[in-house]
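The values are calculated or read from the model by the stated rules, or taken from the named source; none is laboratory data. Note that the structure is a prediction, hence the values are computed from the model and not measured. Cβ coordinates were reconstructed from backbone atoms using ideal geometry, including for glycine residues, and neighbour counts include every protein chain displayed.
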Amino acid sequence: MAKLNLISAIVFLLVSMWVALESKGLGMGTLSEPGPGFYPFGISVLLLVFSLLLIIQSLIKLFLKNDQEQEEQKEGEKIVFSEGLQDAGFGFEKDKIKRVGGAALLLLVGSLLLDTLGFVLCMFLVVFVLVKIIERESLRFSTIIALCASVLPYVIFDKLVGMQLPQGILTIF
Amino acid sequence: MFDNILLGLNIAFSPGNLAFCFIGCLLGTLTGILPGLGPSGAIAILLPLTFKFSPTTAIIMLAGIYYGAMYGGSTTSILVNIPGEAASCVTCLDGYKMARQGRAGSALAIAAWGSLIGGTFGILGLQFLSPYLADVSIDFTPTEYVSLMVLGMVILVYLARESMIKGLMMAVLGLLLGAVGMDLISGKERFVYHSITLMDGIGLVPVAMGLFGITEVLENLETSLRRDVYKAKIKSLWPTKEDWKRSAGPIGRGSVIGFLLGILPGGGAILSSFTSYAIEKKVSKHPEKFGTGMIEGVAAPETANNAAAQAAFIPLFTLGLPANIVMALILGAFVMNGMPVGPLFISQHPDLFWGVIVSMYIGNIMLVILNLPLIPVWVQLLKVRYSIMFPIILVFCFLGAYSLNFNYVEVVIMVIFGVLGYVFRKLRFDPTPLVFALVLGPILERSLRQTLIISEGSWSIFVTRPISAVLLVIAAALICLNVLSAFKKMKARRKENKKTEVASPVRLS
């Protein structure tokens, strides 16, 4: 855990430094007349301080080699709710990352291609792939769900409500 | 007061508002029942839809979703042992055991009646306290607002389950995101990089939809929830005399605890349900029996989370400050509808305030009717596969984000925040302070810059004005308390480590 904390703190530190530099370029103004860069600069300094604190904390923990489970469990969390409830857990597991990473990538590509492919085709493909490959449902079930998730909302929101959803390449029909 | 209540009755009983109050309660019950989507996710998804309604109707519906989820959450906790909503986690402990012992009816009934009593207590407090608090806060200048917002964020982070530094980092990140877009005073673009979408800033809706809707979907795709639905027939849905006798105290205490914790920033329904359960266990003559099917363990948290859900509206209506993430989203709805919320809100918009208050009374009664007789229907809904549920969430997220500006970039932003939200959760960075700060960021910046202009650049104004000074001292004290407890824990751990080193023969050798 301390390792992951350290990595994330370094990322936050880099972000804060980048924001601080950008804010300076925006114009800081004076204390009695703050410029547009004043507020983000101040905030970035705070982020920098907190990131440094987390880095120090993580380094100390790494040094002391504390047991991560012990350190994470606060009293309120010790209640075990049920055998049916699964905790989301800390950190990343290979199997889960494959599934979630794939789903995330698909959603990202889907959102980027929303205008090009159009709402119907985009939602159909995204939902079909997620249901068929990630959730491992049957071909028939996946097709029905994907059709319902793409055509139904299009008919309701575009045709009936008049929301003007992107048609993309389907405009040729 | 009487005139105001009449005004509220007039507004709440208009057919449109009554219908949307019902829709809100129904959607809230559904969100409460179905695991995988909390009230914050549901409200985030429905926010764009509410822009087409009048602000009163929108708030009536959104409020209905919030307190409706508190009712619905108990049903899944009791029957399936899975909390449909985080505030109902603790109800699983005794509620499910009661169901296993054939007392599901009693548990469900006391949860519903406790919710009604706690909710009504919360609304009464909201109704009577809010106008007085608004009068007090009318003297607040931008200086007090800055200090109050700082305190609000510190309390939110302090009460969060995760590390305080991480919480503060998330809050600061939210403030930074709030600074993206055009600077309102100078008109200069900040962190826009020629993107027309970013000119208006990073919107609350795509961020909240991403962090609460898409993240939930991603998280649920990695695990499969086992659902063991209670199959036996539910007998009586009316608590027995004995049930009432045992639950009266917990319901009373739960109402007060829920109300008090609900007002606190960061408190809300989750904290109040856990606290009231812990208190019941402490005051009980048989604390060892908690977790084995004690009705007190259902009555107290279910009452408290409803009282808290209503009380959370007090800081929003009187100060314009959200007490929790759902309130932050509702504040977002106010801001996007062009309605400033603050000390003058109740006097300037009595129709909205009293309309919402009366609708809450109606909604609470609707919820008892919705929750008790319709339990068999809700149980059937629990059998819906996640493969059917998540496409529905995705469709609403995509539609909601796209409909903001009819621009696919908003959808991309939503997905990016969804993925970020997943990473944050895995790294135990609670995204709640981020959204909270994103909503408050622009208000904080404006107030801070106004204060500095008033004080001619002197920071001492924050400590020379008494209210501001007190608020900042409390914030500083909370941070110190957290640091001290961290040091104590570290010391204790070191001692323990030393002890184990001495005790372990392997290490000695």
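General remarks:
- Scoring B:GLY118 on the criteria (1) farther than 30 Å from B:GLU242 by Cβ; (2) more than 14 Å from every other protein chain (Cβ to nearest Cβ); (3) among the small types (Gly, Ala, Ser) leaves a single failure, condition (1).
- Set B:ALA486, B:ALA476, B:ALA469: member being modelled with pLDDT under 85, closer than 30 Å to B:LEU148 by Cα and not basic (Lys, Arg): B:ALA486
- Every residue from the range B:2-52 that is not in a helix (DSSP H, G or I) and not basic (Lys, Arg): B:PHE13, B:SER14, B:LEU34, B:PRO35, B:GLY36, B:LEU37, B:GLY38, B:PHE51
- Residues in the range B:267-288 that are assigned to a loop (DSSP other than H, G, I, E, B), closer than 21 Å to B:TRP113 by Cβ and not small (Gly, Ala, Ser): there are none.
- Just one of the listed residues (B:LEU331, B:LEU319, B:LEU271, B:LEU260) is closer than 19 Å to B:LEU151 by Cβ and modelled with pLDDT under 80, and it is B:LEU271.
- Out of A:VAL161, A:VAL126, A:VAL120, sole residue that is more than 9 Å from chain B (Cβ to nearest Cβ), of a type in the set (Val, Ile, Thr) and within 27 Å of the chain's Cα centre (by Cα): A:VAL120
Yes/no matrix, rows are residues, columns are (1) away from chain A (no Cβ under 12 Å); (2) in contact with a Ser or Thr (Cβ under 8 Å, 6 or more places away or on another chain):
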| position | (1), (2) |
| --- | --- |
| B:LEU399 | no, no |
| B:TYR402 | no, no |
| B:GLY421 | no, yes |
| B:PHE436 | yes, no |
| B:VAL483 | no, no |
| B:LYS491 | no, no |
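- Helices (runs of 4 or more DSSP H) (entirely within the range B:289-351) containing at least 3 residues that are touching a helix residue (DSSP H, G or I) at 6+ places or on another chain (Cβ under 6 Å) and over 22 Å from B:THR50 (Cβ atoms): B:296-311
- Of all residues in the range B:193-212, those that are within 16 Å of B:VAL411 (Cβ to Cβ) and part of a loop (DSSP other than H, G, I, E, B) total 4.
- On the stretch given as the range B:138-161, residues that are in a loop (DSSP other than H, G, I, E, B) and more than 9 Å from every other protein chain (Cβ to nearest Cβ) total 5.
- Filter result for B:VAL409 (under 22 Å from B:PHE140 (Cα atoms), among the hydrophobic types (A, V, I, L, M, F, W, C), modelled with pLDDT of 90 or more and assigned to a helix (DSSP H, G or I)): no
- Within the range B:433-468, the set of residues being of a type in the set (A, V, I, L, M, F, W, C), without any contact (Cβ under 8 Å) to a residue 60 or more places away in the chain and in a helix (DSSP H, G or I) comprises B:LEU452, B:ILE453, B:VAL463.
- One residue stands out in the range A:24-36 among those that are more than 8 Å from every other protein chain (Cβ to nearest Cβ) and outside any loop (DSSP other than H, G, I, E, B): the one that is modelled with the lowest pLDDT, namely A:GLY29.
- Among the residues of the range A:129-151, those identified as among the β-branched types (Val, Ile, Thr), farther than 22 Å from B:LEU211 by Cβ and under 24 Å from the mean Cα position of the chain (by Cα) are A:VAL129, A:VAL131, A:ILE133.
- Selection of helices (runs of 4 or more DSSP H) fully inside the range B:53-137 by the criterion of at least 2 residues being of a type in the set (Lys, Arg) and at negative phi returns B:91-100.
Conditions (1) small (Gly, Ala, Ser); (2) surrounded by fewer than 24 Cβ atoms within 10 Å (Cβ to Cβ); (3) under 30 Å from B:PRO340 (Cα atoms), marked per residue:
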position: B:ILE78; (1), (2), (3): no, no, no
position: B:VAL90; (1), (2), (3): no, no, no
position: B:SER106; (1), (2), (3): yes, no, no
position: B:GLY118; (1), (2), (3): yes, no, yes
position: B:PHE128; (1), (2), (3): no, yes, yes
position: B:SER137; (1), (2), (3): yes, yes, yes
position: B:MET153; (1), (2), (3): no, no, yes
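- Only listed residue being within 10 Å of another protein chain (Cβ to nearest Cβ) and at pLDDT 85 or above, chosen from B:ARG428, B:ARG385: B:ARG428
- Residue in the range A:90-109 that is closer than 23 Å to B:ARG425 by Cβ, touching a residue at least 60 places away in the same chain (Cβ under 8 Å) and surrounded by fewer than 19 Cβ atoms within 10 Å (Cβ to Cβ) present: yes
- B:LEU184 satisfies every condition listed in (1) over 23 Å from B:LEU471 (Cα atoms); (2) crowded, with 21+ Cβ neighbours inside 10 Å except (2).
- Those helices (runs of 4 or more DSSP H) lying entirely in the range A:94-173 with at least 2 residues among the β-branched types (Val, Ile, Thr): A:94-112, A:119-129, A:139-153
- Within the range B:442-468, considering residues that are surrounded by 17 or more Cβ atoms within 10 Å (Cβ to Cβ) and under 21 Å from B:LEU168 (Cβ atoms), the one farthest from the other protein chains (Cβ to nearest Cβ): B:SER468
- Checked against (1) more than 7 Å from chain B (Cβ to nearest Cβ); (2) out of contact with any Ser or Thr (no Cβ under 9 Å at 6 or more places or on another chain); (3) within 24 Å of B:ARG190 (Cβ to Cβ); (4) of a type outside the set (Lys, Arg), A:LEU21 meets all criteria but (2).
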